[in-house]
Amino acid sequence: MALSAFKGVSIADVEASIFSEIQKLYLEDDVPWVVGYSGGKDSTATLQLIWRAIAELPKSDLGKPVHVISTDTLVENPIIASWVNRSLEVMGEAAE
């Protein structure tokens, strides 16, 4: 039997609960969202959860703007900075 950090709850159930909460918050009002993205593991995981949860909503409910922003402090590794810039471009294209 595999051990679970979720105390008997499956990862799928945890994911569904997170998606449900994100969707509820998204639909709650018309205030635009701003999501910070650095390309690191935490901001990438957060952005993926938000993206996937919103993508599951009916198209008729997709009216609230969600802005994904990144700040270049000019101290990032150039490879990472390039990765973040390209990721933002790809996300922008996919969001269209």
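Can you tell me which residue in the range 1-44 is modelled with the lowest pLDDT, limited to those that are assigned to a helix (DSSP H, G or I) and open to solvent by less than 50 Å² (accessible area, probe 1.4 Å)? If you could, list the steps in order and put the result at the bottom.
Step one: list which residues in the range 1-44 are assigned to a helix (DSSP H, G or I), which gives 11-28, 41-44.
Restricting the remaining residues to those that are open to solvent by less than 50 Å² (accessible area, probe 1.4 Å) gives 14, 19, 22-23, 26, 43-44.
Values: 14: 88, 19: 96, 22: 98, 23: 98, 26: 98, 43: 92, 44: 93.
Per the stated criteria, the residue is 14.
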statement: Filter the range 55-82 for residues that are closer than 16 Å to residue 43 by Cβ and at pLDDT 90 or above; the one that is surrounded by the most Cβ atoms within 10 Å (Cβ to Cβ) is 68
Qualifying positions in the range 33-80 - in contact (Cβ under 8 Å) with a residue 40 or more places away in the chain and of a type in the set (Gly, Ala, Ser): 38, 39
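Can you report the number of residues in the range 45-61 which are assigned to a loop (DSSP other than H, G, I, E, B) and out of contact with any helix residue (DSSP H, G or I) (no Cβ under 7 Å at 6 or more places or on another chain)? Before the answer, list the steps.
So in the range 45-61, the residues assigned to a loop (DSSP other than H, G, I, E, B) come out as 56-58.
Narrowing the set further to residues that are out of contact with any helix residue (DSSP H, G or I) (no Cβ under 7 Å at 6 or more places or on another chain) leaves 58.
Counting residues in the range 45-61 that are assigned to a loop (DSSP other than H, G, I, E, B) and out of contact with any helix residue (DSSP H, G or I) (no Cβ under 7 Å at 6 or more places or on another chain) gives 1.
State whether one or more residues within the range 16-33 are in contact with a strand residue (DSSP E or B) (Cβ under 6 Å, 6 or more places away or on another chain) and at negative phi. Give the derivation first.
Of the residues in the range 16-33, the ones in contact with a strand residue (DSSP E or B) (Cβ under 6 Å, 6 or more places away or on another chain) are 33.
Still in the list and also at negative phi: 33.
Among the residues of the range 16-33, at least one is in contact with a strand residue (DSSP E or B) (Cβ under 6 Å, 6 or more places away or on another chain) and at negative phi, which makes the answer yes.
Does residue 27 fit the bill of being over 17 Å from residue 93 (Cα atoms), in contact with a helix residue (DSSP H, G or I) (Cβ under 7 Å, 6 or more places away or on another chain) and free of Cβ contacts under 8 Å to residues at least 60 places away in the same chain?
Numbers: over 17 Å from residue 93 (Cα atoms): yes; in contact with a helix residue (DSSP H, G or I) (Cβ under 7 Å, 6 or more places away or on another chain): yes; free of Cβ contacts under 8 Å to residues at least 60 places away in the same chain: yes.
The answer is yes for residue 27.
The values are calculated or read from the model by the stated rules, or taken from the named source; none is laboratory data. These numbers were taken from a predicted model, which means no experiment stands behind them. Note that each Cβ is placed from the backbone with ideal geometry, even for glycine, and that neighbours are counted across all protein chains shown. For the accessible areas, the whole protein counts, side chains as well, though only heavy atoms, and no ligand, DNA or RNA atoms are used. Shrake-Rupley method; radii C 1.70, N 1.55, O 1.52, S 1.80 Å.
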